Amino acid sequence: DASDLTSVQNYIKENYVPGNPEYTGIAKGKNVFVIHLESLQQFMIDFKWQDEEVTPVLNKIYHNNNTLSFDNFFHQVGQGKTADAELMLETSLFGLPEGAAMVTAGTSNTWQAAPAMLDEQGYTTAAFHGDVASFWNRDNTYKKWGYDYYFSKSFYDVKKGYEIGYGMKDKIFLQQSAQYIEQLPQPFYAKLITVTNHYPYGLDKKNQTIEKTDTGDSTVDGYVQTARYLDQAIGEFMDWLKATGLDKTSMIVFYGDHYGISSNHRKAVAQLLGKEKITDYDNAQFQKVPFMIHMAGLTGGINHTYVGEIDVLPTLMNLLGLSNKDYIQFGTDLLADKRDQTVAFRNGDFVTPEYTKVGSTYYSTKTGEAVKKSDPKIKEVLDQLTNHVSTELSLSDSVINGDLLRFYTPKDFKKVDPSDFSYKYSTVLA
Ligand code: GP9
Ligand code: MN
């Protein structure tokens, strides 16, 4: 009930770290693109297979002077995979320990999500995805998050051979999305969800532009091919942004939603990384995904802070000049100076610059060696971190399970009425 909210609010207040003032408002009024890089892991960045970069376009963006890149950014998803990533990015709440909150609570709950906040700032908000509208209950959840538009499969011209796996092939999807983006009143917030680089990483012959890897693990070896295809699709999209001039007026955010290669494929991963084997520690470090913010005029660089998906929304809010002080959010501005660097995984494990927890074992993050809990000083630190993570996760769960945001509306936030939105093709034509 409403009293549960008090413990959440106390926790949020105690742990609150304001956004980095040097970045406050530097993207104010800009268009925002959030580009979802399906299943793309950080190890693909600068990775070479047979002397060729797999993702040359993203590598260039990663090293660009106008890109803030992160090389210790972790995904934090649970069973909800893509849906958990979307939820964290749009609300700074964790996905649930089981199932996908977008499915179980997306329709019924009250949310304070990015689209609704930006709507208040005069933004047009739109999500784009080449799968059916109902997947992960997006059609209902997006209405509750305040998206003005949701362009799903029925908005696209889908010919034979245009689809693979869960939806339209990324190049065709992004090409056709352009016609809608061009019509959005500016400034806009546009989320584009790619899908071709998705398990089991199948791709039609004519789009294969790099050899498969040779680990012999059939679900791993196609990964470089679909990752390359995704990379080319991004390249075409960036060219289009340049041609339209949108590259000058937009902030472009890229993120990998979760691992592409699960821990069932350690032997193959060891081979790809040139390691003898993949330990539990290695597997935890392997959960890094790309996160990059690209904008004309931005002073870029590679930031090594330990961060995760939960931290994206507070970061974007600060860049856009919005304070998150009144909001119930579990993340912290990625760029904040004195931030806590404990990255919680959904199962209660965590990574910090010092320690990595996997199950009941703790490792030194620097060396990968197991840490002995027999030293009482170390034990105290580890217990404290473990408690902190489980408290954070369970408070976030209580927000979603108790639908607690219905009891509290931040000032400046206008409640969302989902009946304001209808994601029908006919209403866009009109
Ligand atoms: C389908 C897609 C896939 O619409 O976004 O979700 P995932 O399987 O990655 O969770
Ligand atoms: Mn996904």
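Laboratory data are not the source of any read-out in this text; all were calculated from the coordinates shown. Here the structure is a predicted model, which is why all the values come from computation and not from measurement. In this analysis, Cβ positions are derived from the backbone assuming ideal geometry, glycine residues included, and neighbour counts consider all displayed protein chains.
Some observations on this one:
- Stokes-Einstein diffusion coefficient of the stretch 100-186, Kirkwood radius over Cα pairs, 37 °C, 0.692 mPa s, in µm²/s: 237 µm²/s
- Sparse-neighbour loop sites [chymotrypsin sites (Phe, Trp or Tyr not before Pro); the stretch 14-76; at most 15 other C-beta within 10 Å; DSSP]: Tyr16
- Top positive-direction residue, dipole computed over the stretch 168-210 with Cβ charges, set Ala178, Gly202, Met168: Gly202
- Per-residue extension of 0.36 nm, minus the Cα-Cα distance of Thr299 and Thr352, leaves a gain of 16.5 nm for this segment.
- For the stretch 283-340, a crude dipole built from +1 on the beta carbon of Lys and Arg and -1 on the beta carbon of Asp and Glu, taken about the Cα centre, is about 100 debye to the nearest 20.
- For Tyr150, the residues whose modelled amide H falls within less than 5 Å of its own, excluding neighbours fewer than 5 places apart on the same chain, are Ala127.
- Candidates per trypsin sites (Lys or Arg not before Pro) in the stretch 215-311, loop by DSSP, up to 14 other Cβ within 10 Å: Lys275, Lys277
- Farthest positive-ward along the stretch 194-352 dipole, Cα basis, beta-carbon charges - from Ala270, Tyr281, Thr244: Thr244
- All alpha carbon pair distances within the stretch 302-430 were sorted into 10 Å bins beginning at 0; the resulting P(r) in whole percents reads 10, 30, 29, 18, 9, 3, 1.
- Expected-Rg normalisation [2.2 N^0.38 Å, Cα atoms] applied to the stretch 45-116: 1.50
- Calculated P(r) tail over 22 Å for the stretch 170-289, as whole % of Cα pairs: 46 percent
- Cβ crowding within 10 Å, taken as a proxy for footprinting-reagent exposure, orders Lys169, Lys153, Lys160 from fewest neighbours to most as Lys160, Lys153, Lys169.
- Centre separation in Å (Cα based) which lies between the stretch 371-430 and the stretch 252-322: 20 Å
- In the chain, a dipole from Cβ-located charges (positive for Lys and Arg, negative for Asp and Glu) runs towards its positive end, and of Ala126, Ala83, Ser108 it is Ala126 whose Cα lies farthest in that direction.
- Lys, Arg +1 and Asp, Glu -1 on Cβ, resulting dipole of the stretch 1-124 about Cα centre, debye, nearest 20: 280 debye
- Out-of-range pairs (alpha-carbon distance over 20 Å; input Lys143/Lys414; Lys169/Lys424; Lys143/Lys424; Lys30/Lys424; Lys205/Lys267; Lys171/Lys191): Lys169/Lys424; Lys30/Lys424; Lys205/Lys267
- Computed about its Cα centre, the charge dipole of the chain is approximately 360 debye, with only Lys, Arg, Asp and Glu carrying charge at their Cβ.
- Estimated FRET transfer efficiency (Tyr162, Ser323; beta-carbon r; R0 30 Å; 0.05): 0.10
- Long-range HN-HN contacts of Leu37 with modeled amide H, under 5 Å: Tyr255, Gly256, Asp257
- Structure-based [θ]222 nm, the chain - -39500 (n - 2.57) summed over DSSP H runs of at least 4, per residue, nearest 500: -10000 deg cm²/dmol
- Near Gly308, the amide H atoms lying under 5 Å from its own belong to Phe74; only residues 5 or more places off or on other chains count, and H is placed 1.01 Å from N.
- Computed from the Kirkwood radius of its Cα pairs, the Stokes-Einstein diffusion coefficient for the stretch 274-357 at 10 °C and 1.306 mPa s stands at 108 µm²/s.
- Taking a point 7 Å from the Cα of Ile378 along the Cα-to-Cβ direction, the residues of the stretch 343-357 with backbone N closer than 18 Å to it are 350-357.
- Using 0.36 nm per residue and subtracting the Cα-Cα separation, the extra length available between Leu273 and Ala243 on full extension is 7.0 nm.
- Computed 3J(HN,Hα) for the stretch 29-43, one whole-Hz value per residue from the Karplus formula 6.51 cos²θ - 1.76 cosθ + 1.60 where θ = phi - 60°, is x, 6, 5, 10, 10, 10, 10, 7, 9, 4, 6, 8, 9, 4, 5, glycine and proline marked x.
- Restricting the stretch 67-131 to GluC sites (Glu not before Pro) that sit in a DSSP loop and have at most 12 other Cβ atoms within 10 Å of their own Cβ leaves Glu98.
- Added length on full extension, which subtracts the Cα-Cα distance from 0.36 nm per residue, Asn387 to Phe407: 4.5 nm
- Note that the chain carries a Kirkwood radius of 22.0 Å, evaluated over its alpha carbons pair by pair.
- Taking only the Cα atoms of the stretch 1-84, the radius of gyration and Dmax are 18.6, 59 Å.
- Placing pseudo-labels 7 Å out from each Cα toward the beta carbon at Gln183 and Lys212 gives an inter-label distance of 4.1 nm.
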